[in-house]
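Asks: Dropping a structure here in structure tokens format, bear with me for questions.
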Amino acid sequence: MKAAVFQQGTKAPDPFVRVEEVPRPTLQPGYLLLRVVACGVCRTDLHIVEGDLPALRPRLIPGHQIVGEVVDGATTELPIGTRVGVSWMGGVDGSCWFCRHDMENLCDHPTFTGYTVDGGYAEYASVRADFAYPLPSGLDNEHVAPLLCAGIIGFRSLRVAAVQPGERVGLFGFGSSASLTIRILQSWKCEVYVVTRGEAHRKTAQSSGATWVGDESAKPPVALDRAITFAPSGKVVVSALASLRKGGIVAINAIHLDQMPAFDYDTLLWGERQIRSVANMTRQDARDFLQIAHDLNIRPKVTPFPLENANDALLAVKNETEDGSAVIIP
Ligand SMILES: [Zn+2]
Ligand SMILES: [Zn+2]
């Protein structure tokens, strides 16, 4: 099969991945073989191919927003031909303290799709059957792909920030994840304040009906109940913290941050403000979000790229040149 392969140690100016012929994965018990029909590109993929996250394998097929059709390993719930989605959490051990306490997102021995195992920048992928979600009809392959990480983890961020209906919520950064999250916030009658660097992202936020939009130097005109940061920047976390009311929460939706700058405890954190990170997702988050996405008819903007142009898709995410989510179509 054709696949985009990342080699450990690859550095700029070499391309992130090379499209090659590789063996098709063989079916293992408990797994499904999928014919990949679309795979969303996430910022985490960029962190992997740029080395911000340590390489765990010499060769890796990235991609963890997989839309695929079951072609082998079918189960009663997922017969041949079923269209399923696969996300970043590709499996857990089911036995560690976290799994036994309803926190499988924090599992001690997790499988991460497109990081600890091969992912979906390929014509076929092997995935654990119990981590594949049947997808609602109504959304086509390329539009459902960005929901599978950006969407689910954006939704989890709202849970981590403990957003209540009607609250004032800040979104710091307005890429793929934030633009999906705003739809849920609107359905909860929240006021949404967007702070973001890119001009294109500010325009999208305006047209998505944000209450207020500003650039990275601007401060929302009201004290926020909750804030979610999407940019991989510690400075942005401090800006978000500076916009919170007492008792408010900042949820950091980023697997990697450049660094956290020093900040003043007395004015920024005291008053029971909280900073929380958002780590991975549970299968329940995925199921709940996919249901909400279906009910609200959430339809992300996407820019499709053929598998041969996987590097261009990664560059589009890096440079924030696309207004919609990049999706690879094998
Ligand atoms: Zn576990
Ligand atoms: Zn992701």
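Asks: Measure up Lys235/Lys318; Lys203/Lys246; Lys203/Lys235; Lys189/Lys235; Lys189/Lys219; Lys203/Lys318 against 25 Å on the Cα-Cα distance and list the ones that go over.
Replies: The pairs that break the limit, which is 25 Å between Cα atoms, are Lys203/Lys246; Lys189/Lys235.
Asks: I'd like the distance separating the alpha-carbon centroids of segment 13-81 and segment 283-330, in whole Å.
Replies: 15
Asks: How much accessible area per residue does segment 133-274 have, in Å², with a 1.4 Å probe?
Replies: Heavy-atom accessible area per residue stands at 42 Å².
Asks: If you wrap segment 199-330's Cα atoms in a convex hull and average its projection over all directions, what's the area in nm²?
Replies: 10.0
Asks: Follow-up. Mind listing the Cα extents of the chain along all three principal axes, in Å, largest one first?
Replies: Ordered largest first, the chain gives principal extents of 56, 45, 39 Å.
Asks: OK, next. Please report, in whole Å³, the volume per residue of the convex hull around the C-alpha atoms of segment 181-232.
Replies: Hull volume normalised by residue count: 84 Å³.
Asks: Please report the carbon-and-sulfur percent of the accessible area for the chain; probe 1.4 Å, protein heavy atoms only, DNA, RNA and ligands left out.
Replies: Percent of accessible area from carbon and sulfur atoms in the chain: 50.
Asks: What does the helix-only formula give at 222 nm for the chain: each DSSP H stretch with n ≥ 4 adding -39500 (n - 2.57), the total divided by the residues, and the result rounded to the nearest 500 deg cm²/dmol?
Replies: Helix-only estimate at 222 nm: -7000 deg cm²/dmol.
Asks: Can you put His47, His101 in order of accessible area, largest first, using a 1.4 Å probe?
Replies: Listed by decreasing accessible area, they come as His101, His47.
Asks: Right, another one. Under a 10 Å cutoff between Cα atoms, tell me which one of Phe263, Phe16, Phe305 has the largest fluctuation in the Gaussian network model of the chain.
Replies: So, out of Phe263, Phe16, Phe305, the one fluctuating most is Phe263.
Asks: Jot down the per residue volume, in cubic angstrom and as a whole number, of the convex hull over the alpha-carbon atoms of segment 41-129.
Replies: 113
Asks: Mind checking the full-extension length gain between Asp215 and Arg59? Use 0.36 nm per residue of separation minus the Cα-Cα distance, one decimal, nm.
Replies: Once the chain is fully extended between Asp215 and Arg59, it gains 52.2 nm.
Asks: Using square roots of five times the C-alpha gyration tensor eigenvalues, list the equivalent-ellipsoid semi-axes of segment 262-327 in whole Å, biggest first.
Replies: 33, 22, 12
Asks: Could you grab the Rg to Rh ratio for segment 64-196? Cα atoms only, Kirkwood for Rh.
Replies: Rg divided by Rh gives 1.01.
The values are calculated or read from the model by the stated rules, or taken from the named source; none is laboratory data. It should be emphasised that the depicted structure is a prediction, and the values quoted were computed from it without experimental measurement. All accessible areas refer to the heavy atoms of the entire protein, side chains included, with ligands and DNA or RNA removed. Shrake-Rupley method; radii C 1.70, N 1.55, O 1.52, S 1.80 Å.
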